[in-house]
Structure formats: structure tokens, C-alpha cells
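What follows is one structure encoded as C-alpha cells, with my remarks underneath.
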Amino acid sequence: MTRFKRTATSLLVAALAGACFSGAALAAAPMAKSPAPGWYRIMLGDFEVTPLSDGTVDLPVEQLLADKQDKTKATLAKHFLKTPLETSDNAFLVNTGSKLVLIDTGAGSFFGPTLGRLVANMKAAGYSPEQVDEIYITHFHGDHVGGLVNNSQIVFPNAVLRASKREADYWLSQANMDKSEDKGGFQAAMAAIQPYVKAGKFKAIEGDVELLPGIRAQGTGAHTPGHMTYVVESKGEKLVLIGDLIHVAAVQMAEPGVTISFDSDQKASAQARKRAFDAAVKGKYLIGGAHLAFPGLGHLRSEGKGYRFVPVNYTQMR
């Protein structure tokens with residue numbers, strides 16, 4: 001009888017355990033299917049730098065890069081990537097302590113539903129568009145200026161907008177648009193920039209100049225007529241925000257001579273990339289790229305005839 005009770009008790013416990021485990025399986029948590037936070041933060045000397053993601057866009061890079069398509073696909077595969085390549089669109093917020101500066105603004109609504117997240121990510125990072133004092137644009141392609149406006153209205157009401165005079169003269173010219181095959185590119189640039197021009201908030205940059213203590217503009221003479229990089233320095237630490245000097249790191253780091261169809265001057269773009277990357281290797285300073293995988297920050301080192309990108313280490317800002 002005692003043995004029977006023990007056996008019955010064991011069977012009951014097993015049955016209850018089975019029911020519990022079965023219930024747990026049936027109550028599995030649903031998948032969240034939401035993106036990771038789209039902001040990151042580091043200190044650069046006394047400056048706070050916050051990379052902001054505007055989202056990502058899938059690009060058929062094998063059709064865009066000036067190389068054989070099969071070779072591009074094979075190179076991507078070596079990096080555990082495929083085409084179309086999910087490509088980051090990054091901007092950078094720099095707090096100098098006295099000024100809040102945004103460098104590039106993402107695509108806004110200009111490139112579809114997977115982009116346009118910059119403002120939300122800026123707010124998640126603890127800032128608002130109204131706090132931005134100055135905006136520096138690397139160039140006028142839509143994925144860098146689209147975030148300036150929302151339904152034709154200025155998004156950053158208290159900011160002065162700055163960019164190369166050569167860039168403005170080219171993209172804001174009706175005559176240039178009329179003779180160009182890229183009318184959509186001109187229309188996007190005009191839609192984003194003209195509201196600031198009309199509001200008296202646009203101030204062109206002429207030459208390589210210091211814009212604020214610790215932030216300098218530097219022309220590249222490549223990618224677009226007035227493409228600029230921005231050099232940020234504080235207490236001996238340096239970051240160069242390179243805009244669109246590179247698009248597909250998996251390919252163009254190892255073979256910097258490979259250009260992309262977005263480059264208005266293919267030869268000059270390859271040369272500008274090499275100059276900028278050689279300087280970064282020699283100077284051992286950080287670079288930040290609009291289309292490097294978010295947060296788009298890291299160092300470069302020479303490797304063979306090309307370079308290797310070493311992303312920043314994760315930091316909790318202690």
C-alpha cells in the first residue's frame with residue numbers, strides 16, 4: 001500500500017510538472033520585432049559626441065560599385081553580408097558645452113519608411129530639435145539633407161544651417177537642374193535647403209575654415225562639387241566626420257580605388273578617400289562615416305594595399 005501511494009504521488013508530481021512545462025511553452029513571449037536604440041555616445045576630450053541613426057536602406061551595391069558584380073557579391077559573402085546590402089544612414093550630434101551642433105540630418109521622408117528616424121532617436125538620446133544651434137551638411141544628397149524639413153516645414157527652428165558655397169551654388173541652381181539627368185536630386189536638395197534660405201538661416205562656408213572652437217570645415221573636392229568633411233577636436237582628441245567618402249566598407253576598405261555611381265567625379269573620389277584614410281592611419285584619430293555600420297565610428301589601420309576599419313569599443317560613458 002505504501003509503495004502504491006509513493007508511485008501514485010510520483011505520477012501526480014510528474015503530471016503536474018508536465019502540465020506546468022507545457023503551459024510555459026504555450027505562453028511563450030511574442031517576438032518584439034522592434035529596432036535597437038538608434039543612438040550611441042562617446043566623449044571626445046570635453047565634447048560629447050552622439051551618433052544618431054536615421055535608419056537603414058537596402059542598396060543593390062553590386063550594381064552601384066564600379067567593380068564586377070560577382071566579385072562584389074563574393075566579397076560581401078566573406079564578410080557574412082549579402083545584397084541588397086542593408087546600409088546605415090548616420091548623423092552626428094556634437095555638444096561642445098556651449099553649442100549643440102548636428103552634422104548631417106539623415107533622409108527624413110525623402111527615402112521611404114525605413115529611414116526618417118533621426119528626430120525620434122535624438123529625443124531618445126536626451127535632446128530635442130529646438131536645442132540644435134548649428135547644422136553642418138557634408139553635401140546635398142537627399143539622405144543627408146532630407147531630415148531638415150518635415151512637410152516643407154523647418155525641423156530645427158533655432159539652428160543656423162551651414163554648407164559649402166560650391167555645394168549650394170551647384171544644387172540650388174535652376175539652370176544646373178535643367179541640364180541635369182538627376183532632376184530628382186536637385187529637387188530634393190532645393191526642397192530641404194530653400195526653407196532655411198528663405199528664413200535667413202543659411203550661411204555658406206567658403207574654403208577650409210574654423211566654424212566653432214574645436215570644429216573645422218574641410219573640402220574634399222570629391223563625391224559632389226562641394227562635399228565637405230568636418231574635423232572635431234578637443235583636448236588632443238580628434239574625430240573626422242567623412243560624409244560619403246565611403247559607402248560599402250566591406251569592399252572599399254580593402255580596395256579603396258573602387259568607386260560608386262553616386263560619386264560625381266569617380267577619380268577624384270578615389271583619391272580623396274585615399275588621402276583621408278592615409279591621414280587617419282598616420283594620425284590614429286577616429287573617423288565617423290555616414291554609411292559605415294551604425295554607430296559609424298572607429299579607427300583605421302593599413303592592411304595590404306587598403307585599410308581595415310576597427311569599430312569603437314562599447315562604452316557606458318563612465
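The values are calculated or read from the model by the stated rules, or taken from the named source; none is laboratory data. Since we're looking at a predicted model, the values are computed, not measured. Please note: Cβ atoms are built from the backbone with ideal geometry, for glycine as well, and neighbour counts cover all protein chains shown. Only protein heavy atoms, including side chains, enter the accessible area calculation; ligands, DNA and RNA are left aside. Shrake-Rupley method; radii C 1.70, N 1.55, O 1.52, S 1.80 Å.
For the range 231-241, state whether one or more residues are of a type outside the set (Gly, Ala, Ser), touching a residue at least 24 places away in the same chain (Cβ under 8 Å), touching a His at 6+ places or on another chain (Cβ under 8 Å) and within 23 Å of Gly298 (Cα to Cα). No, because not a single residue in the range 231-241 is of a type outside the set (Gly, Ala, Ser), touching a residue at least 24 places away in the same chain (Cβ under 8 Å), touching a His at 6+ places or on another chain (Cβ under 8 Å) and within 23 Å of Gly298 (Cα to Cα).
When the range 241-262 is filtered for residues that are among the charged types (D, E, K, R) and open to solvent by less than 10 Å² (accessible area, probe 1.4 Å), only Asp244 remains.
Would you be able to say whether some residue in the range 218-225 is of a type in the set (Gly, Ala, Ser), touching a residue at least 40 places away in the same chain (Cβ under 8 Å) and either touching a strand residue (DSSP E or B) at 6+ places or on another chain (Cβ under 6 Å) or surrounded by fewer than 18 Cβ atoms within 10 Å (Cβ to Cβ) (or both)?
At the first step, the residues of the range 218-225 found to be of a type in the set (Gly, Ala, Ser) are 219, 221-222.
The next check asks that each one be touching a residue at least 40 places away in the same chain (Cβ under 8 Å); those that pass are 219, 221-222.
This time we only want the ones that are either touching a strand residue (DSSP E or B) at 6+ places or on another chain (Cβ under 6 Å) or surrounded by fewer than 18 Cβ atoms within 10 Å (Cβ to Cβ) (or both), so: 219, 221.
Yes: one or more hits.
Confirm whether Gly112 is at pLDDT below 95 and under 23 Å from Gly38 (Cα atoms). Here the answer is yes, as Gly112 does meet what is asked. Checked against the criteria, Glu167 counts as touching a residue at least 60 places away in the same chain (Cβ under 8 Å) and over 18 Å from Gly108 (Cα atoms). Within the range 27-44, the set of residues being open to solvent by 20 Å² or more (accessible area, probe 1.4 Å) and not hydrophobic (A, V, I, L, M, F, W, C) comprises Pro30, Lys33, Ser34, Pro35, Pro37, Tyr40, Arg41. Counting the residues of the range 63-85 that are out of contact with any helix residue (DSSP H, G or I) (no Cβ under 6 Å at 6 or more places or on another chain), in a helix (DSSP H, G or I) and open to solvent by 70 Å² or more (accessible area, probe 1.4 Å) gives 4.
How about the range 83-119: which of its residues are among the small types (Gly, Ala, Ser) and more than 19 Å from Ala192 (Cα to Cα)?
The answer is Ser88, Gly97, Ser98.
Residues in the range 103-131 that are farther than 16 Å from Gly142 by Cβ, of a type in the set (A, V, I, L, M, F, W, C) and in contact with a helix residue (DSSP H, G or I) (Cβ under 8 Å, 6 or more places away or on another chain): Val119, Met122. Consider the range 188-217 and keep the residues that are part of a strand (DSSP E or B) and under 18 Å from Phe140 (Cα atoms). The one that is most open to solvent (accessible area, probe 1.4 Å) is Lys203.
Pairs meeting the criteria (first residue in the range 290-318 and at pLDDT below 95, second residue open to solvent by 50 Å² or more (accessible area, probe 1.4 Å) and of a type in the set (S, T, N, Q), beta carbons under 9 Å, at least 6 apart or on different chains) are lacking.
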